[in-house]
Amino acid sequence: MKRAKKKSAAKKPTRRIKEPKPTPKIKPAAKKPRAINFVSGPSRSRRFGFSVNVNFGTPGHSCGWNCVYCPWRAPGEKITKAPETAPLNAIEILASLRDRLAGAPEVETVILGGSSEPTTHPEFADIVAGVLELKKELQGKWITVCLSNGEGLSQPSVRTACNRLDETWVKLDCAEDVLFGKTNKPSPRSLKSVRALATPLKQMRRLCVQSTLWRYPDKPGFQNWSADNLSGLLALYQELKPQVVHLVTVKRRRVFEGVQPVSYDELEAFALRVAELGIPVEAFA
């Protein structure tokens, strides 16, 4: 007797599963470099005593000027366009400053300045307001100071903020436009003349002036220690009537190695001429 053959079950068609295509690698968006929130100190300053310094500039860059004596650039380094940055906001800056000040009741001065130009920060007025609130909150006895090249002072809101500080120090090295352009080298979008720098300063209530003076034996046309420039500076001091003038000279490394300091005796002699105008003055060598 023959056994019946089992019918084999019909094979179901195999379903081919397509392997998913590999997900293309998406490059993350380039992050904007963070601005420096360099809160340093407390440290001893020969001009401002025991101080804390707030520098919120761009990493690897300084302000928009390229002064021949700049200590923030290496010798021979050319000015470059600063990259687009994501600047620290006022809250971040003030939080870092609070941490620094909370344990340092001996601080005499809080300085807004450094390698950056504070008056061009988009939240400068808010930062100033916050610093003053911190002073009240911490019952600080320190004074508030801004170190500026004057670039942002053409804006009324910036001037108003500076007028709330105890002192706003503006750099004024040259009284002649040609010398100003060759040695301070403001960026094209910045100040284009000494008059453009000086005019807004007349509206400053607590203006102080710092003048850096130097020799350049190899290139006399690039030195501001000249009879014409010194006479021009005296005229500007008389016009602006600052609270005080500080006369300083080059000390640290500088962009142009040929730049040489002026002696203390020479600074003192010029200081006497400033004093004759009835303006308080100090010389630092």
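The values are calculated or read from the model by the stated rules, or taken from the named source; none is laboratory data. Owing to the predicted nature of the structure, the values given are computational and were not obtained by experimental measurement. Here Cβ is always computed from backbone atoms with ideal geometry, including for glycine, and neighbour counts include all displayed protein chains.
Descriptive notes on the structure:
- Residue match in region 151-170 (condition: of a type in the set (Val, Ile, Thr), crowded, with 23+ Cβ neighbours inside 10 Å, in contact with a Phe, Trp or Tyr (Cβ under 7 Å, 6 or more places away or on another chain) and not in a loop (DSSP other than H, G, I, E, B)): yes
- Flag: Arg100 matches the condition of being at pLDDT below 90 and part of a helix (DSSP H, G or I).
- Every pair of residues 6+ apart whose Cβ atoms lie under 8 Å, when the first sits in region 247-264 and is closer than 18 Å to Pro217 by Cβ and outside any loop (DSSP other than H, G, I, E, B) while the second is of a type in the set (D, E, K, R) and modelled with pLDDT of 90 or more: Gln260/Arg215; Pro261/Arg215
- Residue that is nearest to the chain's Cα centre (by Cα), among those in region 211-226 that are without any contact (Cβ under 8 Å) to a residue 60 or more places away in the chain and within 20 Å of Glu282 (Cα to Cα): Ser211
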